[in-house]
1. Quick one: which residues, 5 or more positions from T253 or on another chain, have an amide H under 5 Å from its amide H? H modelled 1.01 Å from N in the peptide plane, none for Pro or chain starts.
2. Going out from 0 in 10 Å bins, what whole percent of all Cα-Cα distances in region 42-87 drops into each bin?
3. I want to verify the translational diffusion coefficient of region 215-348 in µm²/s; compute it with Stokes-Einstein, Rh as the Kirkwood radius over Cα pairs, at 4 °C and 1.567 mPa s.
4. With the cut-off at 22 Å, report for region 2-124 the share of all Cα pairs above it, as a whole percent.
5. Using alpha-carbon pairs under 8 Å, 6+ residues apart, how would you state the relative contact order of region 249-334 in percent?
6. With all protein chains present and a 1.4 Å probe, how do H35, H29 order by accessible area, largest first?
7. Calculate, for the chain, the solvent-accessible area per residue in square angstrom, rolling a 1.4 angstrom probe over the heavy atoms of the protein chains.
8. Give me the extension gain from L105 to A172: residue separation times 0.36 nm, minus the current Cα-Cα distance, reported in nm with one decimal.
Amino acid sequence: MSGELASPRRMDGLDVLRAFAILGVLVFHAPAAVHDAVPYAVRFAFAHGWMGVDLFFVLSGYLVGRQVFATEEGPTLGAQLRTFWLKRWMRTLPLYFVVLALYALKPWLVGTPFVGGGWHYALFLQNFGHPRDFVQSWSLCVEEHFYLVLPLLAFALGGRRWPAWAWLGSVALSVTARWLFSRGLPEDVTMSSLDTLAPWSTELHLDGLGIGVFLAKTAPTWRSWSPRGRMMCGLAGVGVLALTVGHFGAIVTTTNHVWLFAGLAVGFGGVLVGIESHQLPRAPRWAIYQIALLSYGAYLWHGLVLRVVERLDLRLGAWGLDLLAYLALTLGVSWVTYVAVEKPCLKLRDWLLTRGALPPGVLSP
């Protein structure tokens, strides 16, 4: 969701995954008029779009893990932590708080309440309850908690020297936490209906982040594989995804909750290995890059865009045109705030990092 998007050393394969992830989320939340009009096969595909969030988790774990393991040993612990948090928070917080401010101002702007809103949104604690407005922010909470803890483990506790398998402990932690959470709950009840519990709390959703960090740690190994070997790993990942989705389906229930996210994390991790070094033809590269560049903004804005589209009942007479209009409007708003908010904050971040006279390599990826 919020991996580095301004680095000159881009990888087409990662851009493809970012674009795929955000488009999945957007079509999953497409206007009701679109979902009601699309053919069944398309509606079935759209129903799995929420899994793009789990792909974002794997990407974030990998990109941020790469940053952690690439940092040189020279700086003091304080400098390492400041650098890491400055890079992450200048990337994620400015636009988040712009969007949050609009949600908070809804009662005065459009006369509708910010349902369930409060100070906990400012501290990224809403995922420990059941957010009913700005719902997509639950996954940002998971990532922000990850950004807070990962450098403490890596720098303060020497985690960069741990064996790679140790970083899979977060997968085991989440599987165990989901098992404990699911004990005693009714079977086949959808997780979104459990409004008195916290099915989206951080400890339940660390699988993808853990797999991503594991891939960052082991990158020197799997990057040395032959193209055929990496392709086979990617195909194996697709196979794991197919088995996971085929077995558990698209609806998250208390029955499938324990293993579903672990399966998605492993599958997407395999796909990442297979596609990371893939180079796109020149023709589609620009479009994929633009969607990837705007993916963070699109994730934050799509809820408000959807509300406007549905409230005004904006339709163009065909579900395909309605879908394209919704996607274009979301990406258009995201482009405006990328230029007005994200890009200036990234420039300010880089200036602050450079002003700190940090060692070579600490500004990348």
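1. Under 5 Å from the amide H of T253 lie the amide H atoms of M191, each far enough along the sequence or on another chain.
2. Reading upward from the zero bin: 22, 34, 20, 14, 8, 1.
3. 71
4. Within region 2-124, distances greater than 22 Å cover 58 percent of Cα pairs.
5. Once divided by the residue count of region 249-334, the mean separation gives 32 percent.
6. Descending accessible area places them as H29, H35.
7. Each residue of the chain exposes 46 Å² on average to a 1.4 Å probe.
8. Full-extension gain reported as 20.1 nm.
The values are calculated or read from the model by the stated rules, or taken from the named source; none is laboratory data. Quick caveat: nothing in here was measured; it's all calculated off a predicted structure. Using ideal geometry, Cβ is built from the backbone for each residue, glycine included, and neighbour counts are taken over all protein chains shown. The protein model used for the area step is the full one, side chains on, heavy atoms only, and it has no ligands, DNA or RNA in it. Shrake-Rupley method; radii C 1.70, N 1.55, O 1.52, S 1.80 Å.
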